[in-house]
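Down below is the structure, laid out as structure tokens.
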Amino acid sequence: MPREITKGIFWVGAKDFTLRDFHSYWTSRGTTYNAYLVRGNRSALVDTVKETHFDQLLRRVETLMPLEELDYLVVNHCELDHMGSLEKILSLAPRAKVIASAKGAEGILLHFPGLSGREITVVKPGDTLDLGGITLAFYPIPMVHWPDSMATYAVEPGVLMPNDAFGQHYAAEALFDDEAPKELVLRELQKYYASIVDLLNPVPVRKAIEAVKSLSPKIIAPSHGVIWRAMSQDVIALYEAWASGSVEVKATLVYDTMYGATEAMARIIEEGFESEGVPISVYRASVSDFQEVLADTMVSRGIIVGGPTMNNRLYPPVAFFLEYLAMSARRERLGFVFSAYGWGGGAEKDILGYFEQSGIKPACELWRVRFRPTDQDLSSGLEMAKAFARLIKGG
């Protein structure tokens with residue numbers, strides 16, 4: 001069933017409880033594809049859903065009105081999890097006028113060349129559409145997270161529909177933030193920011209946040225996850241903090257192992273941090289959710305990475321994580337590298353190369369062991385870890 005967000009605005013999207021992979025990220029709680037029907041004297045559908053979930057959207061819209069009577073279809077973002085049902089909807093709503101940003105219009109026609117004869121209204125920042133009782137205002141927010149991205153603001157009720165911004169991969173019976181566990185949805189917000197929004201130049205994100213703050217929305221209705229009605233200002237503040245590049249006095253350690261050497265080294269580093277009272281999160285790359293890992297590396301002053309050498313290169317699960325880390329926004333972070341090798345080595349060179357790409361400054365001596373760490377190796381590593389932890393505290 002559709003749900004009313006505020007007078008005249010309804011959630012008509014779809015829930016995907018079984019989704020477990022999204023752009024190679026593990027989505028353990030599924031996701032939603034949120035779409036919104038705005039009804040004044042005229043009607044507008046803001047975003048659609050993934051094509052596989054079109055039937056859910058259709059049922060919810062037609063509970064409220066015949067789809068063929070739809071007046072406008074707003075495309076905030078032309079990625080197919082939001083625009084996948086566009087062609088089907090337009091085939092059933094022949095009079096609906098399509099609205100998008102300039103880049104959005106370009107993306108629509110590249111995805112759906114069969115719509116080349118369909119008129120698309122291109123909107124600029126601050127353009128409005130009067131639906132009779134509710135006014136929609138349009139604010140392009142390029143690179144949050146594609147060049148075409150746009151936010152739609154329902155002026156009178158103060159409802160912002162910013163597509164991917166402020167989203168989370170979270171599917172549940174809860175539709176609003178105050179119906180869901182607070183810490184859980186805020187963690188999902190952080191994971192989503194780290195894996196989707198933070199993999200970009202932060203300047204456009206900061207500009208988008210300023211635009212959102214100037215509107216002071218009462219409700220933020222993103223395209224994934226819960227709708228923020230109780231914590232709308234809180235999530236804006238979190239985005240502002242994350243986009244600022246600030247980090248916390250903590251470390252994230254990511255490693256993997258083949259025969260246990262680097263795992264023993266990782267545990268000694270963890271012990272050193274605990275003895276210095278510095279928080280540390282430890283992840284084994286091959287069995288960890290990278291969204292969780294990136295959420296922690298995003299706010300950690302210390303980044304610790306280790307792995308074994310395999311055929312003169314870094315063990316692939318660790319390299320896979322570092323590829324994602326290299327795409328994230330630059331921050332003032334310090335690095336610590338450890339590795340194990342048998343004959344020629346090589347893992348440490350790859351890690352240092354990724355650190356350079358990621359803007360992470362190596363801040364202590366490289367820790368290497370051959371085959372298995374001896375008691376002396378572990379004792380030395382413990383002291384190195386303590387020294388690095390103190391550096392994190394003092395920085």
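Give me the number: length gained by fully extending Glu119 to Ser24, i.e. 0.36 nm times residue separation minus the C-alpha to C-alpha distance, one decimal in nm.
Length gained, Glu119 through Ser24: 30.7 nm.
Answer rounded, prolate or oblate for segment 38-177, using the Cα gyration tensor with square roots of eigenvalues a ≥ b ≥ c: rounded when a/c is under 1.5, else prolate when a/b is larger than b/c, else oblate.
Verdict is rounded for segment 38-177.
Would you mind checking segment 275-313 for residues with the amide N under 19 Å from a putative spin-label position 7 Å along Cα→C-beta of Arg187?
From segment 275-313, the list is 279-300.
Quick check on segment 37-120: take the gyration tensor over C-alpha atoms, sort the square-rooted eigenvalues as a ≥ b ≥ c, and tell me if it's rounded (a/c under 1.5), prolate or oblate.
prolate
Can you check what the net charge comes to around Gly13, using other residues whose Cβ is under 9 Å from the Cβ of Gly13 (Lys, Arg +1; Asp, Glu -1)?
Around Gly13, the surrounding residues sum to +1.
Ignoring everything except DSSP H segments at least 4 long, calculate the 222 nm mean residue ellipticity for the chain; use -39,500 (n - 2.57) per segment, divide by total residues, nearest 500.
The per-residue figure over the chain is -11000 deg cm²/dmol.
Rounded to two decimals, what is the ratio between the C-alpha radius of gyration of the chain and 2.2 N^0.38 Å?
1.12
Take Ser244 and Asp127, extend 7 Å from each Cα along the Cα→Cβ direction, and tell me the distance between the two endpoints in nm.
In this crude label model, Ser244 to Asp127 measures out at 3.5 nm.
Can you tell me which aspartates and glutamates have their Cα less than 17 Å from the Cα of Lys386? Leave out same-chain residues fewer than eight positions away.
Candidates past the 8-residue exclusion: Glu270, Glu271, Glu274, Glu276, Glu365, Asp375, Asp377.
So how long is each side of segment 261-378 along the principal axes, counting just the alpha-carbon atoms, biggest first, in Å?
Largest to smallest, the principal-axis extents are 35, 34, 27 Å.
Using only alpha carbon pairs under 8 Å that are at least six residues apart, calculate the relative contact order of segment 248-394 and give it in whole percent.
Reported relative contact order: 30 percent.
To the nearest 20 debye, what is the magnitude of the charge dipole of the chain about its Cα centre, counting +1 on the Cβ of each Lys and Arg and -1 on the Cβ of each Asp and Glu?
Approximately 400 debye in magnitude.
If the cut-off is 18 Å between C-alpha atoms, which aspartates and glutamates fall inside it for Lys124, apart from same-chain ones fewer than 8 positions away?
The reachable aspartates and glutamates, counting only those whose Cα sits under 18 Å from Lys124, are Asp47, Glu106, Asp148, Glu210.
Between Lys97 and Ala264, what is the spin-label point distance in nm, taking each point 7 Å from the Cα along the Cα→C-beta axis?
Here the modelled spin labels are 7.2 nm apart.
Multiplying the sequence separation of Glu356 and Met1 by 0.36 nm and subtracting their Cα-Cα distance, what value in nm do you get?
Using 0.36 nm per residue and subtracting the Cα-Cα distance, I get 122.7 nm.
Stretch Asn311-Asn41 to full length: gain in nm at 0.36 nm per residue minus the Cα-Cα span?
Stretched fully, the Asn311-Asn41 segment lengthens by 90.5 nm.
Within 10 Å, Cβ to Cβ, of Ala194, how many net charges do the neighbouring residues add up to if Lys/Arg are +1 and Asp/Glu are -1?
-2
Could you compute the net charge surrounding Met258? Neighbours are other residues with a C-beta less than 15 Å from the C-beta of Met258; K and R count +1, D and E count -1.
Here the count lands on +2.
So what's the angle, to the nearest 10 degrees on a 0 to 90 scale, between helix 182-192 and the longest Cα principal axis of the chain?
80 degrees
Here, each number is a calculation from the coordinates, and none is a lab measurement. From a predicted model like this one, the values you see are computed outputs, not experimental measurements. Neighbour counts are summed over all protein chains in view; Cβ atoms, including those assigned to glycine, are modelled from backbone coordinates with ideal geometry.
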